[in-house]
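The values are calculated or read from the model by the stated rules, or taken from the named source; none is laboratory data. Since this is a predicted model, take the numbers as computed values, not measurements. Quick reminder, even Gly has a Cβ in these numbers, built from the backbone with ideal geometry, and neighbours come from all protein chains shown.
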Amino acid sequence: MAGPERYVLLGRFVGVHGVRGELKLESYTEPRARIFDYRPWLLRSAAGEVVGDGAHGREQGKGLVAVLPDVTDRDAAMALVGTEVWVARTALPAPAPGEYYWSDLEGLDVVTVGGVALGRVSHLVATGANDVLVVREADRERLIPFVIDDFVTSVDLEGRRITVDWDPEF
């Protein structure tokens, strides 16, 4: 039996654009406009959740502008600023071999090649040079470069484990 549907955060509304209800959208997809390819959107805010099907948009300067079917004026758009855009994990394409969605790595146990448990992946951080695993265990936090073969020796999604070549004292 399948578990509950997992959702992935893909972006958030950061402002309004014009007076017709368009929203400035910060996208976490690569390339950024790909966010419009995934549907339906689940819009999450402090007010709750609503399905935002039928959303579309365009690149505008250095950002994105989104249009939602039921948002037709600036006031309605302002009410959505800060709202997050989520999609079902199943709506995303399978990653290429050796590539991973960050959301698939979050929550995995991290152990050294010697079998020492280091904690769980809390989240990842992009540094430009490489991504970094933020691994937490009780009150300790480790930052481990997510560099396959150099520091990360294996990723077992089914076994929910990442094995790293890392000094447990560091």
Need pairs with beta-carbon distance below 7 Å; first residue under 17 Å from Phe36 (Cβ atoms) and within the stretch 64-83, second surrounded by 19 or more Cβ atoms within 10 Å (Cβ to Cβ) and at pLDDT below 95; sequence gap 6+ or separate chains.
Ala66/Ala55; Val67/Ala55; Leu68/Gly52; Leu68/Ala55
Listed residues Arg44, Arg20; which is assigned to a strand (DSSP E or B) and surrounded by fewer than 20 Cβ atoms within 10 Å (Cβ to Cβ)?
Arg44
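Can you name every residue in the stretch 85-102 that is within 14 Å of Phe146 (Cα to Cα) and in contact with a helix residue (DSSP H, G or I) (Cβ under 8 Å, 6 or more places away or on another chain)? Full working, then the answer.
So the first thing to find is which residues in the stretch 85-102 are within 14 Å of Phe146 (Cα to Cα), and the list is 98-102.
Selection gives Tyr101 alone.
Being assigned to a loop (DSSP other than H, G, I, E, B) and touching a residue at least 12 places away in the same chain (Cβ under 8 Å) is the filter; apply it to the stretch 1-17 and report the residue that is farthest from the chain's Cα centre (by Cα).
Glu5
Restricting to the stretch 152-167, count the residues that are among the small types (Gly, Ala, Ser) and under 12 Å from Gly107 (Cα atoms). If you could, list the steps in order and put the result at the bottom.
The initial filter retains those residues of the stretch 152-167 that are among the small types (Gly, Ala, Ser), namely 154, 159.
Narrowing the set further to residues that are under 12 Å from Gly107 (Cα atoms) leaves 159.
Number satisfying all stated conditions: 1.
Residue-wise test of (1) touching a helix residue (DSSP H, G or I) at 6+ places or on another chain (Cβ under 9 Å); (2) closer than 29 Å to Lys24 by Cα; (3) hydrophobic (A, V, I, L, M, F, W, C).
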position: Ala77; (1), (2), (3): no, yes, yes
position: Leu108; (1), (2), (3): no, no, yes
position: Val113; (1), (2), (3): no, no, yes
position: Gly128; (1), (2), (3): no, yes, no
position: Leu143; (1), (2), (3): no, no, yes
Quick one: count up the residues across the stretch 59-107 that are surrounded by 15 or more Cβ atoms within 10 Å (Cβ to Cβ), assigned to a loop (DSSP other than H, G, I, E, B) and over 17 Å from the mean Cα position of the chain (by Cα).
3
Sole miss for Gly52 among (1) closer than 22 Å to Val16 by Cα; (2) surrounded by fewer than 18 Cβ atoms within 10 Å (Cβ to Cβ); (3) modelled with pLDDT under 95 is condition (2)
When Glu106 is evaluated against the numbered criteria (1) touching a strand residue (DSSP E or B) at 6+ places or on another chain (Cβ under 6 Å); (2) assigned by TED's automatic domain parsing to the domain that holds Gly21, which criterion, by number, is the only one it fails?
(2)
Hey, Arg39 hits all of (1) over 13 Å from Leu10 (Cα atoms); (2) of a type in the set (Lys, Arg); (3) surrounded by 14 or more Cβ atoms within 10 Å (Cβ to Cβ) but one; which does it fall short on?
(1)
Number of the exception - Ala117 against (1) closer than 20 Å to Leu9 by Cα; (2) surrounded by fewer than 18 Cβ atoms within 10 Å (Cβ to Cβ); (3) outside the structural domain of Gly18 (by TED's automatic domain parsing)
(1)
State whether one or more residues within the stretch 24-34 are in contact with a Ser or Thr (Cβ under 8 Å, 6 or more places away or on another chain), free of Cβ contacts under 8 Å to residues at least 60 places away in the same chain and at positive phi.
no
